[in-house]
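*Asks:* What follows is a single structure, and I will ask about it in a moment.
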Amino acid sequence: PVCSMGNSTSRLYSVLAKTLSSGAVSQHQDCLEQLDPARLDPIDPKDLLEECQLVLQKRPPRFQRNFVNLKKNAASNHRPIRVMQWNILAQALGEGKDNFVQCPMEALKWEERKCLILEEILAYKPDILCLQEVDHYFDTFEPLLSRLGYQCTFFPKPWSPCLDVERNNGPDGCALFFLKDRFELVNSANIRLTAMKLKTNQVAIAQTLKCSDTGRLFCIAVTHLKARTGWERFRSAQGCDLLQNLKSITEGAKIPLIVCGDFNAEPTEEVYREFSNSSLNLNSAYKLLSPDGQSEPPYTTWKIRPSGECRHTLDYIWYSQHALNVNSALGLLTEEQIGPNRLPSFNYPSDHLSLVCDFSFSQDPDRLL
């Protein structure tokens, strides 16, 4: 594989063009050992964004989405913590398995689609980024995001469906990124989820971080539960296992918690109720966008497959409501913006929408426990 990453004095094109070429994960890891991110020049995010926009100049412009202010009380003294949750659509699945019948193959070209994904991340500037279906971690996300100041962690699925696709780029999995100048890593756990005492193909990453502004500890977790209708009890069991792990990691909710994920479950499912009723006192941040604060958005994914149109709410950002406030949340794309061919498209790189929330610590964290 090509190991050169260019340097910050050249046109930034070298950064995107020379991200490692496709190949086995082991090759990427070998290459990364030679390319210690600590020794690489940092990238200016504005330069990278400009370069992405050059690559994307023949595509329609990004959709405009606005943040909705949700904080009723006085402003916090500290900068909010911006968390982004996104199933970015594994490249191998988009091209080889998912059958997006209304999406032209041209729209899925990795060289351009990766720039759409990066553009979305760079536009919202998350302090913490939680991704699912990442199959280009070693050749794209780790090399670039580490140079933007993020600490990067990846946990692949044990038997990724990406490996069934010809010319795949290795397994997909969950990835977690946080800005090193804002947080210190205290503890990290890679969790292989179990269901009915059996190890499953689904995973989670949970990290305890210390916020440098406030000195407060909190836990951030990312997961992606089993897909498809008929697997509701299985997802419920996986959710129970994840909650048990998180109870231990947060010392029974003493440490505030944020859980991001594609749960593959509508709000009517048992696993959603388990998270809602957990002793960890979790609430779903995107409910706060509804008029009564009690309803999830009408959709977080919208696609057309050979079997028909699939419009579902599957993605969530859960948070400890006794210890954290949601200051604002990014509004979703409208049906008009998404368009009749749905997602993904030339405008938008994934079949799932990104969710972004700004959090602050409560002044009196034990009040609601």
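The values are calculated or read from the model by the stated rules, or taken from the named source; none is laboratory data. These numbers were taken from a predicted model, which means no experiment stands behind them. For neighbour counting, all protein chains shown are included, and Cβ atoms are generated from backbone atoms with ideal geometry for every residue, glycine included. Accessible surface areas use protein heavy atoms only, side chains included; no ligands, DNA or RNA. Shrake-Rupley method; radii C 1.70, N 1.55, O 1.52, S 1.80 Å.
*Asks:* Using a simple charge model, +1 on the beta-carbon of Lys and Arg, -1 on the beta-carbon of Asp and Glu, nothing else, what dipole does the range 151-248 show about its Cα centre, in debye to the nearest 20?
*Replies:* With Lys and Arg at +1 and Asp and Glu at -1, about 300 debye.
*Asks:* Then there's this: Which percent, nearest 5, of DSSP beta bridges in the range 80-362 are antiparallel?
*Replies:* Approximately 85 percent, going by the DSSP bridge assignments.
*Asks:* Say the dipole of the chain comes from +1 at the beta carbon of Lys and Arg and -1 at that of Asp and Glu; which of Gly252, Leu129, Asn168 then lies farthest toward its positive end?
*Replies:* The Cα lying farthest towards the positive end belongs to Gly252.
*Asks:* Another question about this same structure. For the ranges 59-67, 314-322, 245-253, what's the packing order if you count other beta-carbon atoms within 10 Å of each residue, average per peptide, and put the highest first?
*Replies:* Packing order, densest peptide first, comes out as 314-322, 245-253, 59-67.
*Asks:* Identify which of Ser160, Ser236, Ser212 has the largest mean-square fluctuation in a Gaussian network model of the chain, with springs joining Cα atoms closer than 10 Å.
*Replies:* Ser212
*Asks:* Mind scanning Lys58/Lys303; Lys58/Lys114; Lys71/Lys287; Lys125/Lys247; Lys72/Lys125; Lys157/Lys199 and naming the pairs with a C-alpha gap bigger than 19 Å?
*Replies:* In this structure, Lys58/Lys303; Lys125/Lys247; Lys72/Lys125 lie more than 19 Å apart at Cα.
*Asks:* Something else now. Mind putting a number on the dipole of the chain about its Cα centre? Charges go on the C-beta only, +1 for Lys and Arg and -1 for Asp and Glu, and I need it in Debye to the nearest 20.
*Replies:* About 460 debye.
*Asks:* Please give the Cα centre distance for the range 59-98 versus the range 312-331, rounded to the nearest Å.
*Replies:* 11 Å
*Asks:* Once the dipole of the range 80-362 is set up with Lys and Arg at +1 and Asp and Glu at -1 on Cβ about the Cα centre, which of Ile220, Trp86, Pro340 lies farthest towards its positive end?
*Replies:* Farthest towards the positive pole: Ile220.
*Asks:* OK, next. What residue among Thr194, Gln321, Ser307 has its Cα farthest toward the positive end of the dipole of the range 80-362, where the charges are +1 on Lys, Arg and -1 on Asp, Glu, each on the Cβ?
*Replies:* It is Thr194.
*Asks:* Can I ask one more? With every protein chain in place, what's the accessible area of Trp110 (1.4 Å probe, Å², nearest 10)?
*Replies:* Ignoring ligands and nucleic acids, Trp110 comes out at about 30 Å².
*Asks:* So which GluC sites (Glu not before Pro) in the range 261-330 pass both tests, a DSSP loop state and at most 11 other Cβ atoms within 10 Å of the Cβ? The partial results should precede the final answer.
*Replies:* Numbers: sites: Glu269, Glu270, Glu274, Glu309; in loops: Glu269.
Answer by residue number: there is no such site.
*Asks:* If you wrap a convex hull around the Cα atoms of the range 143-216, how much volume per residue is inside, in Å³?
*Replies:* 87 Å³
*Asks:* I've got another one for you. Using a 10 Å cut-off on Cβ atoms, rank the peptides 174-181, 46-53 from the highest mean neighbour count down.
*Replies:* Values: 174-181: 21.1, 46-53: 16.8.
Put in order of decreasing packing, that is 174-181, 46-53.
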